[in-house]
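Here the structure is laid out as structure tokens; the discussion comes afterwards.
The values are calculated or read from the model by the stated rules, or taken from the named source; none is laboratory data. Computed from a predicted structure; not experimentally measured. When we count neighbours, we look across all protein chains shown, and the Cβ atoms used for this are built from the backbone with ideal geometry, even at glycine. Ligands, DNA and RNA are stripped out before the accessible areas are found, and what is left, the full protein with its side chains, is counted by its heavy atoms. Shrake-Rupley method; radii C 1.70, N 1.55, O 1.52, S 1.80 Å.
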Amino acid sequence: MGSGAGGVLPSGTVTFLFTDIEGSTKLWEQSADVMGVALALHDDLLRAAIDANGGVVFATGGDGVAAAFSRSGDAVAAAIDAQQALQGAVWPDGVGLRVRMGAHTGEAEERDGDYFGPPVNRAARLMSAAHGGQVVVSETTATLLGTLEGVRLVDLGSHRLKGVVDEIRVFGVDADGLGWLDRALVTEQVVPGNLPRPATEFVGRIDVLQRRAAGLTDRRLVTLTGTGGVGKTRSAVEVGWLLTDAYPGGVWLVELSPIADEGLVVAAVGSALGVSLQPGTSMTASIVEWLQGRRTLLILDNCEHVLSPVVELVSAITVNCESVTVLATSREPLGVPGERVVPIPSLDIDNAVELFIERAQAADESLGFDTDDRVVIAEICQRLDGIPLAIELAAARVRSFTLRDLAGRLDDRFRLLRGSGRGGLERHQTLRAAVAWSYQLLAEAERVVFDRVSVFAGGFDLEAAEAVCAGGDIDVDDVVELLSSLVDKSMLIADRSDRSVRYVMLETLRQFGEERLADGGSTAACRDRHLAHYLAVATAMRVLQMGPRQLDGDVVFDREWDNIRAAQSWAVASGNLDAADDLIYQSGAFAVLRQHHEFTDWVDRLIAIDDTEYTPSSRALMAGGALFFFVGDLDRVVELDNRGIERNSDPAGVAMCWFQLELVLVMRGRTDEALAAARRAQDALAHTDDPYASYYVRYGLATLTQVTNPAALPEAMARLLDVVHRCGAPWMMISAEQMRAENCFANNDHEGALDAARHAHSLALETRSVVDELLTSYRIIAAVLAPPGAVPTPECRQIFIRLLDTRMWFTIRAAVEAIANNLARTGHTRAAATIVGHLNTQENTWDGQVRGSRQHTLDLVGPDYRADEWLAEGAAMTRDEIAAHTLDYLPE
């Protein structure tokens, strides 16, 4: 840092030029012996070009520099001169440095030889979007540039740069010696994973953040530590965006703050990744298996309250997954071998002031601050120890207080709380003081509502708030006004992104409210109301799922899943087992559609409870069996369904238990027993009009009819379609279309089968039904490959890769079986026999439905004298090996 030899740092409107060496990490690994020489030459050439054009280097990062110019034309001229010098340089053997450059113009605060403010970071973001040899500038810089001889600006359009909230119009500089602009900018592209786009721009030095991220790819585990509210989560997300290109397997964020029960941590991680529980193993092992071989960044956020299961999971990942980096945020280190602990410090005073001003002006854009105001703001930020959350809370108060009043009240609250809180770090006490100060400013009714909404997980709507918060001195009609007041005072966030208002409480604030609720002895009453509300929500949404408004119900289930999870945990913890049982049933259909595998943990936990006054209901046991069916654990399906039949608590649950047993028996080739189960399912169905049971019992009958009496299939299909038309639920339509595809297969109508499978697949994507997407996917492969003379297509490969990604093995096995049949028919006898050899070691799947059965494949292979050898080869292969073997025969 510093002004350097180039002169005095410019002030006012400044153009910032950032540079960076492309691929420097790899160059250091490959040519470390000469990189020092190359880097020294690079530095000399850059500084010479910058000095010659009136610029001043104010920061260096090892791989690049940051320079300031009074005029945008000088900055662009320096960049062109530097690029031309770099291109003409004689580099050491094996090294040729290519440098990317970006420039942006704006007003920034200069202090002690450094700059602070959004324009500095935007220049760094622009530079990161370029490639080696290129120079890009913002629209602001381009507008002020004027005319430079031999220089042309190329409009590259508007782009969302990583970490920048608004789109920025970008121009490329075209001049002799510069890299041509024929490569797409590195913008906020769609990457695998679930990384959220920040709603506000990062306040702090991007080049410092880049240095923090630089070594992450070489680590197995990095933990960001610091007090609550210091910015660990934001830093982790920003680092994730900076490194998306380094992790082709995706950047995945798992927010653990809504998880109150340690036993649900691993399942929640699995759900976030979309990992299926593998039969005969644990969810931890399933996650490890899914991650192996993927270049992935896994961000585990807010680990401190569930440390034990996080440590166990992370230990397994770091030991077994060499290509995975875990980035954790926690108030304390995880203590896992090989962990690199990176403390996240409080903001320095300059960045703290910038954060305060940015957030205050976001709350009221009419606010302006002069030099004297900045002095007071600096005092406020110092009192808050530079903790971002505390600063943001204080900044929001400027709407109703002068800065001097704000500083005076803040000082009073610190004295009030100092020494009265729990022991621990001073920063923790400072944060609690800031939160408690904001809390004390609330009216009594506001405090009551604030405390009560702390029971929500992942946000809530007005109806939920009225159900939980009303009571005592709080009238239901007053809740909306009290929520609005809490939003105005920055104690709640009103999210209007989904055409409705949803309230969110920052986790630190939620924990504070939760403590206050417990101190007042009101936790149980509020959580009981929370449970009652979300049980009612789940019940109502299940009704919608059984009809044409299924998607409306799915949207609510998606939005409220964290709250449903919290309600389920409380129901078990408080001994309200009937409510826990009912909640499992009401949310079971959605859990299956979305493949929320944590649901199996809910069922297991309920079953394990030793209570003489409670026995799990038939319908809860059935709901658990449904999800175990789709993870391929058929033994658990049989166990739960037999228990449900024995329990005999409700006809719908009993009918579904018999149906699920029927499917397992069909898959195991025990047709006579399946027919008996189907009859029992129909007997139970006579005593219920539940649409879920009505549909699936008829679906099961159609499945059996197709195998045992094809002539009667039209009648069975008519009964099935009658339920579909009466109910109109999209999931029923998808399922019926899949049955139509199977019927077409049975009649060798391959074109009809493909049409039905594609239609079902399209509906599955529209409804976001993961399970139906996978079921229809393997049917598309089977339909494409079934006609005589058909050969695998690139579509087959794409679908098969998607199936592999989900790890739902019974759908993968069904697709593999269809591919093997096609390989046998097209002369690839060894490949086909090898696949069948592996499949013979697995449990039968969908026998009688998938047309490419194993025996038919072997018949096509014929009496080849090496068939036994090839079968043995396949039997010795693992699932991953046979999947890779199969993939080799699918064209790109």
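General observations
- Relative contact order %, the chain, counting alpha carbon pairs below 8 Å whose residues are six or more apart: 6 percent
- Residue 58 long-range amide H proximity, modeled H, under 5 Å: 66, 67, 68
- Degrees, to the nearest 10: 598-608 long Cα axis against longest axis of the chain: 60 degrees
- Under the criterion of Cα pairs below 8 Å and six or more residues apart, the relative contact order for region 301-340 equals 55 percent.
- Among the protein heavy atoms of region 638-751, carbon and sulfur supply 47% of the accessible surface, probe 1.4 Å, non-protein parts ignored.
- Virtual spin-label span in nm between residue 682 and residue 463, 7 Å along Cα→Cβ: 4.0 nm
- Charge tally around residue 795: other residues with Cβ under 15 Å, Lys/Arg +1 each, Asp/Glu -1 each, net +1.
- Gyration tensor verdict on region 357-409 (Cα atoms; rounded if a/c is under 1.5, prolate if a/b is larger than b/c, oblate otherwise): rounded
- Think of region 585-711 as having a plus end and a minus end, set by charges on the Cβ of Lys, Arg, Asp and Glu; of 596, 711, 634, 711 sits farthest toward the positive end of this dipole.
- Dipole-positive endmost among 247, 377, 530 within the chain (Cβ charges, Cα centre): 247
- Amide H partners (placed H, <5 Å) of residue 257, local residues excluded: none
- In this simple spin-label approximation, residue 107 and residue 648 carry label points 7 Å from Cα along the Cα→Cβ vector, and these lie 8.2 nm apart.
- Between helix 671-685 and the chain: long-axis angle, C-alpha atoms, 0 to 90°, nearest 10: 80 degrees
- The value obtained for region 48-117, namely the Cα convex hull volume divided by the number of residues, is 100 Å³ per residue.
- Calculated log₁₀ intensity ratio I(q)/I(0) where the Debye formula runs over C-alpha points of region 496-610, q = 0.11 Å⁻¹: -0.41
- On Cα atoms only, tilt of 479-488 relative to the major axis of the chain in degrees: 40 degrees
- Formal net charge of residues neighbouring residue 694 (Cβ-Cβ distance under 13 Å; K, R +1; D, E -1): 0
- Cα gyration tensor, region 486-558 - rounded (a/c under 1.5), prolate or oblate: oblate
- For region 741-746, Karplus couplings with θ = phi - 60° (6.51, -1.76, 1.60), whole Hz, Gly/Pro x: 4, 5, 5, 5, 4, 4
- Charged-residue dipole, Cβ positions (Lys, Arg, Asp, Glu), the chain about Cα centre, Debye nearest 20: 660 debye
- Span from the region 698-761 Cα centroid across to the region 626-680 one, whole angstrom: 20 Å
- When the charge dipole of the chain is built from unit charges on Cβ atoms (+1 for Lys and Arg, -1 for Asp and Glu) and taken about the Cα centre, the candidate among 840, 204, 360 whose Cα reaches farthest toward its positive end is 840.
- Cβ-defined net charge surrounding residue 577, 9 Å radius [Lys, Arg +1; Asp, Glu -1]: -4
- A cut-off of 5 Å between modelled amide H atoms, ignoring neighbours fewer than 5 places along the same chain, links residue 328 with 222, 223, 224, 300.
- Mean accessible surface per residue for the chain, computed with a 1.4 Å probe while every protein chain stays in place, in Å²: 40 Å²
- Each peptide in 805-811, 401-407 was scored by the mean count of other Cβ atoms within 10 Å over its residues; highest first, the order is 805-811, 401-407.
- Global geometry of the chain, whether rounded, prolate or oblate, following the gyration tensor of its Cα atoms and the 1.5 cut on a/c: oblate
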